[in-house]
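The values are calculated or read from the model by the stated rules, or taken from the named source; none is laboratory data. Since this is a predicted model, take the numbers as computed values, not measurements.
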Amino acid sequence: MAEDIIIVSTPYVTGYKITKTCGFTWGLIVRSRGLGGNLVAGLRTIAGGEIHEYTELLNQARHQAVNRMKEQAVTMGANAVISVAFDSSELAQSMTEVLAYGTAVFIEKDTQPSSPVRLE
């Protein structure tokens, strides 16, 4: 069910109208790379460039945070989340917190034809 929910960073979903605002929703995860990953990443910092271990860690954390946000939105009766954004911070110098948040809404297909935009 949470897979079917629409997630957008905009305050609207094109072609749909918001019929109910369910409220603020979020998904939070705190992740830590294991000792081995920290060691490899630490060695990569010497040479410079992208640290693939941390990129993958943050990518996984974002996906998990979005999935948790979706699950919470569904429990609130929403079928979409608008104005989605991310925040992250470091905790205790070894953990990363990733937060996905937005506004849970219920949307329906907009059956009203759009008015043409007039430029003057």
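List of remarks:
- Here is the figure for region 64-120: residues that are small (G, A, S), modelled with pLDDT under 95 and assigned to a strand (DSSP E or B) total 2.
- Number of residues in region 48-63 that are part of a helix (DSSP H, G or I) and farther than 16 Å from E3 by Cα: the value is 10.
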